[in-house]
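A short write-up of the structure that comes next.
The values are calculated or read from the model by the stated rules, or taken from the named source; none is laboratory data. Computed from a predicted model, the values in this text were never measured in an experiment. Heads up, the Cβs are rebuilt from the backbone with ideal geometry, glycines too, and the neighbour counts pull from every protein chain shown.
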Amino acid sequence: MEPSPIIAPSILAADFAHLATSVHQIEGAADWVHVDVMDNHFVPNLTIGLPVVQSLRKATTIPFDVHLMIADPERWAPGFAEAGAYNVTFHAEACDNPVALARTLRAAGAKAGLAIDRDTPVEPYLELLPHLDTLLIMTIKAGFGGQKFMPEMLDKVRDVRRRINAKDLQVRLEVDGGIAADTIEQAAAAGADAFVAGTAVYGAEDPAEACRKLRAAAERAMAGAA
Ligand code: DX5
Ligand code: ZN
């Protein structure tokens with residue numbers, strides 16, 4: 001297991017009129033900033049797209065973790081890599097050839113991530129892990145922030161962790177949805193090592209302090225699980 005957790009606040013829960021300020025608030029306390037891109041086709045919600053990411057990229061040095069909840073990711077994902085995203089994650093349910101798209105993303109200079117939504121089993125994707133840098137397990141149904149964490153998704157996290165460790169793979173295992181001070185410990189104990197948190201960070205009085213608390217909780221649980 002990777003020794004230190006990745007904390008990735010989701011700007012979906014931030015003030016969209018002040019995105020640069022929101023990212024500056026967590027600089028130094030977070031590892032990545034998580035950017036939720038939704039298209040009202042793959043999920044019934046519409047958020048932000050490439051122009052916003054291109055502009056925001058210039059406003060900060062923190063790595064961008066772009067989560068594409070869109071149909072036809074082959075068409076759009078490379079543009080996010082070219083815009084300087086550190087990691088670009090697309091959904092298994094939206095992509096016919098994940099290995100090919102991962103290869104394209106890596107060639108464009110980004111890490112490649114595959115996301116598994118609530119109703120999708122992870123087992124068929126375990127063999128793709130060597131082609132990926134990140135595997136994201138949704139701990140809610142993708143589409144909206146502020147939903148309740150689903151502990152039953154942690155069986156998938158355990159399955160992926162077992163495979164990563166058995167094959168000694170360099171893959172980040174990320175969880176997204178309902179991650180907060182209490183649930184982050186469960187997710188970390190199950191084997192996750194990257195944690196997206198929207199409401200728990202941007203709904204807090206002090207977003208940087210919220211990141212530090214999440215990190216401390218994750219570190220405790222990861223040490224206990226190791
Ligand atoms: C939802 C998004 C999440 C969302 C998480 O589909 O993928 O990244 O921002 O929000 P919280 O942390 O509030 O559940
Ligand atoms: Zn997300």
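For this structure, a couple of remarks:
- Here the condition is being out of contact with any helix residue (DSSP H, G or I) (no Cβ under 7 Å at 6 or more places or on another chain), within 14 Å of ligand 2 (Cβ to nearest atom) and among the hydroxyl-bearing types (Ser, Thr, Tyr); of Thr134, Thr139, it holds for Thr134 alone.
- Residues of region 27-52 classified as more than 19 Å from Gly177 (Cα to Cα) and either crowded, with 19+ Cβ neighbours inside 10 Å or at pLDDT below 95 (or both), total: 1
- Top-ranked residue in region 135-170 [being over 19 Å from Ala200 (Cα atoms) and among the β-branched types (Val, Ile, Thr); ranked as surrounded by the most Cβ atoms within 10 Å (Cβ to Cβ)]: Val160
- Matching residues, region 33-48, being within 9 Å of ligand 1 (Cβ to nearest atom) and over 16 Å from Ser22 (Cβ atoms): Met38, Val43, Asn45
- Strands (runs of 3 or more DSSP E) wholly inside region 1-77 that include at least 2 residues being of a type in the set (Ser, Thr, Tyr): none
- Taken over region 156-182, residues that are without any contact (Cβ under 8 Å) to a residue 24 or more places away in the chain and part of a helix (DSSP H, G or I) amount to 1.
- Residues that are buried (at least 24 other Cβ atoms within 10 Å of the Cβ) and more than 8 Å from ligand 1 (Cβ to nearest atom) within region 192-211 comprise Ala192, Ala194, Phe195, Ala210, Cys211, listed in sequence order.
- Of note, Ala92 does not satisfy the criterion of being crowded, with 24+ Cβ neighbours inside 10 Å, within 26 Å of Arg163 (Cα to Cα), among the aliphatic types (A, V, I, L, M) and at pLDDT 95 or above.
- Here the helices (runs of 4 or more DSSP H) wholly within region 183-226 that include at least 3 residues being closer than 20 Å to Ala20 by Cα and touching a residue at least 40 places away in the same chain (Cβ under 8 Å) are 199-202, 207-225.
- Yes/no for Ile179 being aliphatic (A, V, I, L, M), crowded, with 22+ Cβ neighbours inside 10 Å and farther than 28 Å from Gly79 by Cα: yes
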